[in-house]
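To start, the structure under review is shown below, and the notes come after it.
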Amino acid sequence: MIKSTFLKAVAATALSVSTWASAHAVDLQFYFPVAVGGKAADTIQALTDEYVAANPDVKIDAVYAGSYQDTVAKAITASRGGNPPQLSVILSVDMFTLIDEDLIQPFDNYLTSDEDKAWVEGFYPAFMENSQTGGKTYGIPFQRSTPVLYWNKEAFKEAGLDPEVAPATWDEMVEFGKKLTKKDADGKVSQWGVRIPSSGFPYWLFQGLAIENGATLANAEGNKTNFDDPKVVEALQYLVDLSTKHEVMAPGIIEWGATPKAFFEGQTAMMWTSTGNLTNVRDNAPFDFGVAMLPSKATRGAPTGGGNFYLFKGASDEQNKAAVEFVQWITAPAQSAKWTIATGYVAPRAETWESETMKAYTADFAPALIARDQLEFAKAELSTYQNQRVTGIFNDALASVITGKKDAATALKEAQAQADGILSEYR
Amino acid sequence: MSWSAPTLDRVLNTAAAWALALLWILPLAYAIWTAFHPAAYEARFVLTAPLTLDNFAKAWSAAPFARYFLNTFVLVSLILAGQFFLCTLAAYAFARFEFPGRSLLFSLVLLQLLVMPDILIVENYRTMRLLDLVDTIPAIALPYLASGFGIFLLRQTFMTIPKELDEAARMEGASFLGVLWRVYIPLAKPTYLAYGLVSVSHHWNNFLWPLIVTNSVDTRPVTVGLSVFSAIDSGVEWSVINAATLMTSGPLLVAFLLFQRQFVQSFMRAGIK
Amino acid sequence: MRVTFKRDWIHGWLLLLPAMVFLFAFTHIPAVTTFINSFYSTPRGRKPAKFIGLENYERFWDDPVFWKVMFNNLWFALGTIPLSIALSIAMALWVNDKLAGRSLVRMAYFTPTVLPLIAVANIWLFFYTPGFGLFDQVFGALFGWSSTNWLGDPATALNAVIVVTVWKEAGFFMIFYLAALQAIPVSLVEAARIEGASRWTIFWRITFPLLMPTTLFVSINAVINSFRLVDHIFILTDGGPDNASSLLLFYIYEVAFRFWETGYAATLTVALLVLLSALAIGQFFFFDRKVHYK
């Protein structure tokens with residue numbers, strides 16, 4: 001009698017304890033955007049499920065939030081409504097906005113051990129440039145990219161160029177471009193030498209040119225831009241000259257979305273676009289193609305791009321710790337390799353590239369290494385406080401010069417003045 | 001002898017009408033072409049190109065369209081139900097009741113035809129934040145429920161219903177709501193159908209406000225889902241996007257093709273002043 | 001007597017109450033608060049909104065983007081309204097007649113109304129793509145034109161957007177004209193024809209004046225649409241290049257939901273409301289003199 005009651009009591013207590021334990025499993029919500037086609041959303045879901053299965057004391061709700069724009073809007077709205085996520089993947093350039101809106105906290109609070117500090121050092125410095133400010137780490141790189149130069153090997157052969165060698169300098173790009181541009185008797189161009197898209201957000205690819213000329217567009221504190229630097233003006237002039245002076249590129253604004261297609265259709269022999277397009281080009285190009293680093297002027301150079309993990313305020317200590325552990329897991333070589341191979345993003349840790357999976361993948365598909373090799377020369381993507389607005393002003397200035405409405409020096413000077421007006425309150 | 005003036009005139013007109021019609025249907029024709037052919041034929045119009053359903057499969061798996069459809073369906077139904085309810089009551093009040101402030105209130109209603117919710121996006125978003133309704137389907141629906149157009153239309157219709165019927169029903173002891181239910185609503189059925197079709201097609205295709213007020217798969221209607229899906233870094237894949245477009249416009253398009261006459265009649269009725 | 005009167009009032013107000021609550025909540029009060037908020041700065045995470053008087057208005061007066069966008073919108077209205085009305089009248093006349101293949105033609109004209117603008121924008125994006133886009137292919141084959149950067153050239157970007165809008169609207173307006181045409185007594189037209197009047201004269205002297213009420217209704221709709229229809233801009237040009245194809249509502253969206261500057265956005269909305277009211281009321285008075293009521 002007593003024994004059965006006792007057993008029942010024990011069973012009841014055990015049951016309630018385990019319920020209490022699972023009810024006390026740390027609950028995390030994690031917003032993620034998808035900016036590449038294919039099974040990116042599925043891959044993230046699969047990775048999250050894998051982690052949750054292996055760590056029963058954590059529950060993670062991975063929420064697909066749409067584009068980068070949507071994700072930051074959703075995160076800001078949820079935070080203002082008092083219901084912020086604990087983690088979110090957001091553009092690396094939005095860091096200052098998130099700080100200004102008082103939404104995120106530095107990871108440093110939870111990276112206290114020596115091991116943790118070494119872990120942060122394991123990310124490529126180029127990616128960390130948009131992730132740290134004021135001596136603190138606000139973002140952990142996750143889906144990052146750089147632009148690269150793709151070239152049509154068959155078109156090169158036809159034009160009498162060595163199909164295995166891409167242009168390495170600005171001058172070479174013009175020289176190759178002239179040989180590659182096919183014009184008919186009426187002056188109609190059937191194949192352009194190079195295509196650097198400028199619709200929507202021309203600043204990103206333009207920044208490649210600026211960095212190659214040795215200029216930076218903004219400071220690390222995010223409160224001063226450098227738009228009217230003579231080196232920047234020179235880079236913009238080079239871009240415009242490609243169309244107007246050397247006639248190796250189509251004039252006017254070039255559509256980003258149609259660029260891979262234009263490449264496949266043979267409308268251009270070389271194109272500048274994100275390494276994230278690698279799989280798309282591999283699957284769809286009807287010819288042999290090569291991938292190279294962007295050409296150099298004073299130096300090789302490229303901007304970085306893509307999204308970081310951010311740790312949001314308003315969560316409990318337990319949640320933050322669990323969130324950081326999840327981030328450390330998902331950026332570890334095994335998971336990072338899966339992610340890179342599925343999407344074409346650049347794995348942000350050097351050790352990932354040394355793993356067996358990645359070595360096998362790159363042995364089979366060497367172009368995947370180009371973006372990584374370029375990281376040595378990559379710099380921070382343009383990012384400041386009130387980023388959307390300042391970048392918007394810069395984009396407008398670039399567009400006005402590309403369409404011939406203003407000259408480079410004037411447009412950039414005006415843009416710098418406007419940006420100064422906005423950023424002065426942050427100094 | 002051969003060409004009399006009216007015939008030539010007729011031929012020219014027919015030709016012009018047909019030319020315009022072909023031009024008008026071109027976008028849809030292109031969408032159908034790319035949706036059923038592989039990506040390589042997006043810009044090449046070779047008649048012998050292979051047909052494929054791959055694009056639909058790809059589009060379906062690239063974004064949760066099933067959920068988007070459900071959201072749109074719920075949204076459109078919610079809006080329609082709300083509009084019928086609110087606008088019927090208001091139209092009845094304006095049509096059959098005398099009360100102070102009637103003309104002032106009616107002009108305020110007409111104002112809504114001009115000052116549409118689509119323009120007040122900033123403030124309405126703030127309101128939704130205050131009500132803690134951001135990223136919910138009701139949030140998309142609420143600003144549209146009291147429709148100036150609906151009230152106006154129903155008022156016109158109610159005003160044409162002979163007063164004798166009203167009085168007859170009252171003689172039989174119906175309350176003022178009973179009269180509405182038994183006399184006015186049944187007689188206004190064509191207007192309800194007309195207005196319903198206008199409302200459904202308008203809100204099925206609505207984009208800007210739902211874009212602003214929703215952030216997640218659970219609430220997004222099909223139009224926003226399509227735009228998010230097509231805003232990716234890796235360039236525009238027209239064959240997949242057009243497959244997705246056909247899927248999202250599909251229901252309305254098919255309904256239109258089947259019920260063409262009714263559709264046109266309703267829109268015509270909705271416009272009659 | 002008095003009792004019935006009062007009851008009528010109460011019934012009236014009660015019936016009206018639900019609709020008025022919603023109307024006030026989502027139309028009238030927001031319109032007023034937009035005006036009020038235009039005098040405040042934008043709240044940011046750490047700083048609440050504060051009263052800044054006319055500063056936002058000074059800013060928008062000096063804002064070159066605002067003026068460009070406003071002129072764009074006026075040009076856009078000028079481009080879409082007369083063209084879509086004219087086309088819709090033509091369509092209605094053709095479809096109303098005993099035309100061969102009438103219902104197919106009517107279907108073709110009306111289809112754009114049923115398709116979401118955001119979806120068809122992708123199709124038009126292809127049409128406008130330089131080089132292998134449809135227009136360049138066709139014009140290249142027919143006239144030997146070289147490729148034109150329809151969407152990337154500030155001179156043509158807005159016009160390209162106008163074409164898409166007219167394509168979307170004309171079929172919708174056609175329906176209203178169809179209804180009106182069917183209400184015109186055949187006897188009038190017959191009488192004129194017997195007297196030997198040409199088709200053109202019949203149209204200008206009889207049909208068009210009788211269509212005035214519809215034209216008034218349609219043109220007010222068209223005015224409102226010219227401020228409201230911005231969906232396709234997201235896909236076609238994103239407002240570029242350098243705001244050449246941006247419209248007021250699109251700019252408001254950018255300012256409020258990309259830059260997160262709700263204070264300035266409120267000011268821009270006030271400008272939009274003023275412009276819209278002016279145009280609509282102006283249209284109304286213009287047509288009021290010309291409307292021929294039987």
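Cβ-Cβ below 8 Å, separation at least six or inter-chain, first residue in the stretch A:305-329 and more than 14 Å from A:ALA75 (Cα to Cα), second buried (at least 24 other Cβ atoms within 10 Å of the Cβ) and among the acidic types (Asp, Glu): which pairs?
A:GLY305/A:GLU381
Just give me the residues in the stretch B:220-273 being modelled with pLDDT of 75 or more, assigned to a loop (DSSP other than H, G, I, E, B) and open to solvent by less than 10 Å² (accessible area, probe 1.4 Å), in sequence order.
B:ARG220, B:PRO221
Out of the helices (runs of 4 or more DSSP H) lying entirely within the stretch A:91-185, which hold 3 or more residues that are touching a residue at least 12 places away in the same chain (Cβ under 8 Å) and within 30 Å of A:ARG427 (Cβ to Cβ)?
Numbers: elements: A:95-100, A:114-121, A:125-128, A:153-158, A:170-180.
Correct list: A:95-100, A:125-128.
Taking the criterion of being assigned to a strand (DSSP E or B) and small (Gly, Ala, Ser), would at least one residue in the stretch A:336-344 satisfy it?
Among the residues of the stretch A:336-344, not one is assigned to a strand (DSSP E or B) and small (Gly, Ala, Ser), which makes the answer no.
The rows are residues; the columns are (1) more than 10 Å from chain B (Cβ to nearest Cβ); (2) open to solvent by less than 40 Å² (accessible area, probe 1.4 Å); (3) under 12 Å from the mean Cα position of the chain (by Cα).
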{"position": "C:VAL166", "(1), (2), (3)": "yes, yes, yes"}
{"position": "C:PHE173", "(1), (2), (3)": "no, yes, yes"}
{"position": "C:LEU188", "(1), (2), (3)": "yes, no, no"}
{"position": "C:THR201", "(1), (2), (3)": "yes, no, no"}
{"position": "C:PRO213", "(1), (2), (3)": "no, yes, no"}
{"position": "C:ALA222", "(1), (2), (3)": "yes, yes, yes"}
{"position": "C:HIS232", "(1), (2), (3)": "no, yes, no"}
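Spot the failing condition for B:ALA16; the list is (1) at pLDDT 90 or above; (2) within 13 Å of chain C (Cβ to nearest Cβ); (3) surrounded by 13 or more Cβ atoms within 10 Å (Cβ to Cβ), and only one is missed.
Failing condition for B:ALA16: (3).
Going residue by residue through the stretch C:256-270, is there one that turns out to be within 14 Å of chain A (Cβ to nearest Cβ), of a type in the set (A, V, I, L, M) and more than 21 Å from the chain's Cα centre (by Cα)?
Yes, the stretch C:256-270 contains at least one residue that is within 14 Å of chain A (Cβ to nearest Cβ), of a type in the set (A, V, I, L, M) and more than 21 Å from the chain's Cα centre (by Cα).
Yes or no: A:GLY200 without any contact (Cβ under 8 Å) to a residue 12 or more places away in the chain, within 14 Å of another protein chain (Cβ to nearest Cβ) and open to solvent by less than 50 Å² (accessible area, probe 1.4 Å)? First the steps, then the outcome.
Numbers: without any contact (Cβ under 8 Å) to a residue 12 or more places away in the chain: no; within 14 Å of another protein chain (Cβ to nearest Cβ): yes; open to solvent by less than 50 Å² (accessible area, probe 1.4 Å): yes.
Against the criterion (without any contact (Cβ under 8 Å) to a residue 12 or more places away in the chain, within 14 Å of another protein chain (Cβ to nearest Cβ) and open to solvent by less than 50 Å² (accessible area, probe 1.4 Å)), A:GLY200 does not qualify.
Does C:PHE127 satisfy the criteria of being in contact with a Lys or Arg (Cβ under 9 Å, 6 or more places away or on another chain), within 10 Å of another protein chain (Cβ to nearest Cβ) and within 30 Å of A:ILE254 (Cα to Cα)?
Values: in contact with a Lys or Arg (Cβ under 9 Å, 6 or more places away or on another chain): no; within 10 Å of another protein chain (Cβ to nearest Cβ): yes; within 30 Å of A:ILE254 (Cα to Cα): yes.
Considered against the rule, which asks whether it is in contact with a Lys or Arg (Cβ under 9 Å, 6 or more places away or on another chain), within 10 Å of another protein chain (Cβ to nearest Cβ) and within 30 Å of A:ILE254 (Cα to Cα), C:PHE127 comes out as no.
Under 7 Å by Cβ, and 6 or more places apart or on different chains, what pairs join a residue from the stretch C:99-110 that is facing another protein chain (nearest Cβ under 7 Å) and farther than 13 Å from B:LEU20 by Cα with one that is part of a helix (DSSP H, G or I) and small (Gly, Ala, Ser)?
Every condition considered, the pairs that remain are C:LEU99/B:ALA17.
Pick from A:ASN277, A:ASN320: which is assigned to a helix (DSSP H, G or I) and in contact with a Ser or Thr (Cβ under 8 Å, 6 or more places away or on another chain)? Steps first, answer last, please.
Working: A:ASN320 fails: in contact with a Ser or Thr (Cβ under 8 Å, 6 or more places away or on another chain).
Among A:ASN277, A:ASN320, only A:ASN277 is assigned to a helix (DSSP H, G or I) and in contact with a Ser or Thr (Cβ under 8 Å, 6 or more places away or on another chain).
Outside any helix (DSSP H, G or I), over 21 Å from the mean Cα position of the chain (by Cα) and not hydroxyl-bearing (Ser, Thr, Tyr): does that describe A:GLY306? Before the answer, list the steps.
Numbers: outside any helix (DSSP H, G or I): yes; over 21 Å from the mean Cα position of the chain (by Cα): no; not hydroxyl-bearing (Ser, Thr, Tyr): yes.
So A:GLY306 does not fit the description; no.
Hey, can you tell me all the residues within the stretch A:50-78 that are more than 7 Å from chain B (Cβ to nearest Cβ) and part of a strand (DSSP E or B)?
Scanning the stretch A:50-78 gives A:VAL58, A:LYS59, A:ILE60, A:ASP61, A:ALA62.
Out of C:VAL3, C:VAL32, C:VAL21, report the one residue that is assigned to a helix (DSSP H, G or I), among the aliphatic types (A, V, I, L, M) and at pLDDT below 85. Explain how you work it out, then say what you get.
Values: C:VAL32 fails: at pLDDT below 85; C:VAL21 fails: at pLDDT below 85.
That would be C:VAL3, the only listed residue that is assigned to a helix (DSSP H, G or I), among the aliphatic types (A, V, I, L, M) and at pLDDT below 85.
Which of the residues belonging to the stretch A:53-88 are surrounded by 17 or more Cβ atoms within 10 Å (Cβ to Cβ), out of contact with any Ser or Thr (no Cβ under 7 Å at 6 or more places or on another chain) and either over 30 Å from A:ASN223 (Cα atoms) or at pLDDT 90 or above (or both)?
If we filter the stretch A:53-88 for residues that are surrounded by 17 or more Cβ atoms within 10 Å (Cβ to Cβ), which is where we start, we get A:58, A:60, A:62-79, A:84-88.
Pick out the ones that are also out of contact with any Ser or Thr (no Cβ under 7 Å at 6 or more places or on another chain) and you get A:58, A:64, A:66-70, A:72-73, A:76-79, A:84-87.
Correct list: A:VAL58, A:TYR64, A:PRO85, A:GLN86, A:LEU87.
A:ALA399: within 24 Å of A:PHE201 (Cα to Cα), out of contact with any Leu (no Cβ under 8 Å at 6 or more places or on another chain) and away from chain C (no Cβ under 14 Å), yes or no? Step through it out loud before you land on a result.
Values: within 24 Å of A:PHE201 (Cα to Cα): yes; out of contact with any Leu (no Cβ under 8 Å at 6 or more places or on another chain): yes; away from chain C (no Cβ under 14 Å): no.
In short, no.
Listed residues C:LEU151, C:LEU115; which is crowded, with 16+ Cβ neighbours inside 10 Å, within 14 Å of chain A (Cβ to nearest Cβ) and either out of contact with any Gly (no Cβ under 7 Å at 6 or more places or on another chain) or touching a residue at least 12 places away in the same chain (Cβ under 8 Å) (or both)?
Numbers: C:LEU115 fails: within 14 Å of chain A (Cβ to nearest Cβ).
Result: C:LEU151 is the single residue among C:LEU151, C:LEU115 that is crowded, with 16+ Cβ neighbours inside 10 Å, within 14 Å of chain A (Cβ to nearest Cβ) and either out of contact with any Gly (no Cβ under 7 Å at 6 or more places or on another chain) or touching a residue at least 12 places away in the same chain (Cβ under 8 Å) (or both).
Looking at the stretch A:1-31, which of its residues are at pLDDT 65 or above, out of contact with any Leu (no Cβ under 9 Å at 6 or more places or on another chain) and among the hydrophobic types (A, V, I, L, M, F, W, C)?
Within the stretch A:1-31, the first condition is being at pLDDT 65 or above, and the residues that meet it are A:25-31.
From what is left, the residues that are out of contact with any Leu (no Cβ under 9 Å at 6 or more places or on another chain) are A:25-27.
Correct list: A:ALA25, A:VAL26.
Within the stretch B:51-77, which residues are touching a residue at least 24 places away in the same chain (Cβ under 8 Å) and either under 13 Å from the mean Cα position of the chain (by Cα) or not in a helix (DSSP H, G or I) (or both)?
First pass over the stretch B:51-77, keeping only residues touching a residue at least 24 places away in the same chain (Cβ under 8 Å): B:55-56, B:58-60, B:62-65, B:67-69, B:71-72, B:74-76.
B:ALA63, B:PRO64, B:THR72, B:LEU75, B:VAL76 - these are the residues of the stretch B:51-77 that are touching a residue at least 24 places away in the same chain (Cβ under 8 Å) and either under 13 Å from the mean Cα position of the chain (by Cα) or not in a helix (DSSP H, G or I) (or both).
Does B:PHE84 meet the test of being open to solvent by 30 Å² or more (accessible area, probe 1.4 Å), within 14 Å of chain C (Cβ to nearest Cβ) and modelled with pLDDT under 85? Don't jump to the end; show me each part of the working.
On the way: open to solvent by 30 Å² or more (accessible area, probe 1.4 Å): yes; within 14 Å of chain C (Cβ to nearest Cβ): yes; modelled with pLDDT under 85: no.
Considered against the rule, which asks whether it is open to solvent by 30 Å² or more (accessible area, probe 1.4 Å), within 14 Å of chain C (Cβ to nearest Cβ) and modelled with pLDDT under 85, B:PHE84 comes out as no.
Residues that are open to solvent by less than 60 Å² (accessible area, probe 1.4 Å) and of a type in the set (Ser, Thr, Tyr): list the helices (runs of 4 or more DSSP H) wholly contained in the stretch B:121-214 that include at least 1 such residues. Explain how you work it out, then say what you get.
Values: elements: B:121-130, B:137-141, B:148-159, B:163-171, B:176-179, B:189-204, B:208-213.
Passing ranges, in order: B:121-130, B:148-159, B:189-204.
Starting from the stretch C:224-244, take each residue that is farther than 19 Å from A:ARG389 by Cα and list its partners that are acidic (Asp, Glu) and not in a loop (DSSP other than H, G, I, E, B), counting only C-beta distances under 8 angstrom and pairs at least six apart or across chains.
Going by the 8 Å Cβ cut-off, the qualifying pairs are C:ASN225/C:GLU169; C:LEU229/C:GLU169.
Which condition from (1) touching a Ser or Thr at 6+ places or on another chain (Cβ under 9 Å); (2) at pLDDT 85 or above is the one that C:PRO43 breaks?
Of (1) touching a Ser or Thr at 6+ places or on another chain (Cβ under 9 Å); (2) at pLDDT 85 or above, only one is false for C:PRO43: (2).
Determine whether B:ILE119 is modelled with pLDDT under 90 and out of contact with any Ser or Thr (no Cβ under 9 Å at 6 or more places or on another chain). Even if it seems obvious, please write down each step before you answer.
Values: modelled with pLDDT under 90: yes; out of contact with any Ser or Thr (no Cβ under 9 Å at 6 or more places or on another chain): no.
No; evaluated as a whole, the condition is false for this residue.
Pick from A:LEU412, A:LEU375: which is closer than 24 Å to A:GLY305 by Cβ and modelled with pLDDT of 95 or more? Outline the logic, then answer.
Details: A:LEU375 fails: modelled with pLDDT of 95 or more.
It is A:LEU412.
Looking at this structure, is A:GLY404 assigned to a loop (DSSP other than H, G, I, E, B) and within 12 Å of chain C (Cβ to nearest Cβ)?
On the way: assigned to a loop (DSSP other than H, G, I, E, B): yes; within 12 Å of chain C (Cβ to nearest Cβ): yes.
So A:GLY404 fits the description; yes.
State the number of residues belonging to the stretch B:19-50 that are in contact with a Phe, Trp or Tyr (Cβ under 9 Å, 6 or more places away or on another chain), assigned to a loop (DSSP other than H, G, I, E, B) and more than 10 Å from every other protein chain (Cβ to nearest Cβ).
Final tally of qualifying residues: 2.
The values are calculated or read from the model by the stated rules, or taken from the named source; none is laboratory data. Since we're looking at a predicted model, the values are computed, not measured. Glycine also receives a Cβ, built like all others from the backbone with ideal geometry; neighbour counts cover every protein chain displayed. Side chains included, ligands, DNA and RNA excluded: accessible areas come from the protein's heavy atoms. Shrake-Rupley method; radii C 1.70, N 1.55, O 1.52, S 1.80 Å.
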